[in-house]
1. How big is the range 334-439 along each principal axis, measuring the range of its Cα positions in Å and listing the largest first?
2. Quick one: work out the % antiparallel among DSSP beta bridges in the range 243-394, nearest 5.
3. For the range 152-157, in order, what is each residue's ³J(HN,Hα) by Karplus, 6.51 cos²θ - 1.76 cosθ + 1.60 with θ = phi - 60°, in whole Hz (x at glycine and Pro)?
4. Roughly how compact is the range 315-385, stated as its Cα Rg over 2.2 N^0.38 Å to two decimals?
5. With the cut-off at 32 Å, tell me which of the pairs LYS177/LYS320; LYS232/LYS413; LYS426/LYS537; LYS378/LYS426; LYS291/LYS348; LYS342/LYS540 have Cα atoms farther apart than that.
6. Relative to the present Cα-Cα distance, how much length would full extension add between ALA403 and GLU319 at 0.36 nm per residue of separation?
7. Provide the FRET efficiency to the nearest 0.05 for the GLU290-ASN78 pair, computing r from the beta carbons and using R0 = 51 Å.
8. Express the Stokes-Einstein translational diffusion coefficient of the range 157-210 in µm² s⁻¹, to the nearest whole number, given a Kirkwood radius over alpha-carbon pairs, 20 °C and a viscosity of 1.002 mPa s.
Amino acid sequence: MTNVDNTKSFKENLLDTANILYQQERYWDALDSYIQFARQFGIDAVHTRIAECINCVNISGEIQPRHLDSVTTIMLHNAGTLYADTHTIERARSDCLTLVRSGSHPLSTRKLETGNTFSPENSPRSTNDFYWYEAYFDKSRNTNTSTHNVIGISVVIPTYNRPNILGITLACLAHQKTMHPFEVIVADDGSSVDILETVRHFENVLDIKYVRQPDDGYRLCAVRNLGIRTAKHPFVGILDCDMAPCRTWVEDTVTALSQCDDIALIGPRKYVDTSLVSANDVLENPDLVEKLPEIYSNRQEENSVSNGVSLDWRIDYFEKSENLRFSNNPFLFFSGGNVAFKKQWIDKVGGFDEEFTQWGREDNEFGYRLYREGCFFKAFWGALAYHQEPPGKENETDRIAGAEITAKLFLQKVPYYGRSTLPLEKSVVYTIPLVSLVIDVDIFDDGLRRSIDSILNQTFSDLEIVIRDDDSTIFTRAALTSYYGSNPRIRRINVNKKRTALPTSLSSICRGFYIAQIARGRILHPRAVALCIDMLKKNKSIALIHASEALHHLILERDMPSISRSEDVEFNTTRGKISFNVFPLRAWNIAARIATVYNANITSTVPDIVGLREVGECLFVNENEFFE
């Protein structure tokens with residue numbers, strides 16, 4: 001038999017094997033065989049089957065242990081979602097121990113000199129320094145008050161039963177001292193009593209709507225979202241049905257949001273007893289609720305007591321932090337019973353997470369997403385409300401039992417707060433990782449594979465890899481699927497357009513709070529990510545850690561007002577030569593908005609990495625510290 005015959009026979013056998021595996025629905029094995037065929041004989045004959053295999057394995061969601069790195073294997077095993085043989089687990093543990101012993105060293109960093117628009121005296125005092133942020137917009141803020149009366153707010157009031165308490169809250173809204181238009185949306189979570197009758201009682205004194213969802217358990221998030229979707233005004237306020245607003249609540253809230261709508265307002269509360277008060281009483285006496293004496297509340301698991309009166313547990317911190325200006329975790333004080341923000345934020349971060357079907361933490365999780373996106377928070381006394389203690393001092397919801405459940409869900413979804421860095425051998429895969437590491441792909445080769453493997457085998461494991469697929473070939477997509485398709489720490493995002501810079505809407509492709517970027521072909525030291533995250537956690541003022549000498553000099557030279565869109569593209573694609581950088585997504589989003597203030601010609605608010613110097617400190621690290 002000639003060599004040609006041997007080659008033909010091998011080709012036919014390989015294709016037959018792949019086809020048999022496909023017919024047996026062993027799609028992972030079939031995909032490997034088709035890739036082997038494509039490497040040797042071209043992809044044309046198997047293009048369709050490769051695409052079908054990719055689709056089938058993606059639909060199945062099956063995790064293949066053979067495709068997992070040692071760190072991910074241990075993480076899934078610890079979480080109880082992967083069952084592998086003892087040999088596989090022990091080998092993975094051994095590999096993890098080797099990584100841990102890889103050595104640790106402090107980073108040798110160089111702090112960058114700041115530009116014309118950023119200096120110590122006007123730098124942010126915290127990640128939530130709203131005074132600093134507002135200063136950037138003083139020049140562009142519209143001071144014309146002729147539109148004062150046309151800016152409105154939609155007040156969403158979720159409720160479940162308790163029509164008497166709801167009526168008092170509505171009566172307080174009926175007596176607002178304001179010229180701002182506002183509507184009230186009562187969102188009923190399937191009450192067993194007639195709430196609509198209470199709503200109709202106010203049709204002549206309020207612009208009021210009623211929406212309802214069936215009673216399917218505790219669904220506060222869903223009913224809030226229902227109310228928000230119904231809202232017609234640009235600003236949204238949320239009041240629990242037992243939160244009776246002060247008489248200037250609408251006026252002061254709308255005025256504050258009009259001055260800077262990138263700030264979410266958090267209203268404090270006082271506790272009163274309205275058990276002997278009716279809605280009609282408040283309609284006849286507008287100041288009645290505000291004149292009620294403050295009382296001792298049964299909710300002492302949260303509140304403090306002074307002179308026999310319960311105090312909002314947040315008040316002390318509000319005072320110490322200058323109404324949250326100096327807080328690096330302001331979302332922890334975002335209690336959904338009395339808040340207000342621009343409705344457009346819902347388009348950016350989504351609504352309240354409807355996986356929270358027990359009491360507690362759902363508002364903090366939503367607040368975290370606002371914070372991550374670049375929203376600021378302010379404790380605002382103009383939005384004071386009076387919490388009406390329910391009859392018998394008891395709520396209809398079992399808060400203690402619910403809080404135990406939602407605390408675990410919060411830990412899965414909010415990586416920035418309360419999540420400890422576990423030893424590698426005890427780490428687990430979380431729903432939302434702390435770090436998203438972005439790597440661009442157009443072709444699959446050994447260099448790319450080594451880069452990805454070095455990321456997966458970091459001593460810091462709370463991360464995901466986001467592969468930005470720059471419209472690659474079917475072979476590249478097949479190879480990525482074959483090697484990494486079942487790894488839950490890797491996601492492929494199809495860009496389908498010419499790559500320029502990192503997109504402004506990083507939130508749409510990355511789930512982490514910290515974003516890292518690595519050049520393909522570079523191999524990270526096992527402790528590279530851990531060292532950066534440790535620095536970022538210890539110093540919240542850091543906006544960028546990077547390893548590019550070219551970027552270092554460019555930041556020193558660049559003046560923020562001169563940034564143009566064309567320069568952004570040039571820098572990110574050619575001049576920058578970014579090898580590795582890490583930054584908080586919050587800083588990136590804030591820098592994007594600041595860029596629009598300083599250059600009206602920017603049609604797409606895509607800041608380059610240089611823009612991060614406007615938000616915080618930038619640290620340069622020699623790339624030898626990061627790479628092997």
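The values are calculated or read from the model by the stated rules, or taken from the named source; none is laboratory data. Predicted model only: the values in this text are computed from it and were never measured. Cβ coordinates were reconstructed from backbone atoms using ideal geometry, including for glycine residues, and neighbour counts include every protein chain displayed. Just the protein is used for accessible areas: all its heavy atoms, side chains included, with ligands, DNA and RNA removed. Shrake-Rupley method; radii C 1.70, N 1.55, O 1.52, S 1.80 Å.
1. 52, 33, 22
2. 50 percent
3. x, 9, 9, 9, 8, 10
4. Rg over 2.2 N^0.38 Å, computed on Cα atoms: 1.10.
5. LYS378/LYS426; LYS291/LYS348
6. 27.6 nm
7. 0.40
8. 189 µm²/s
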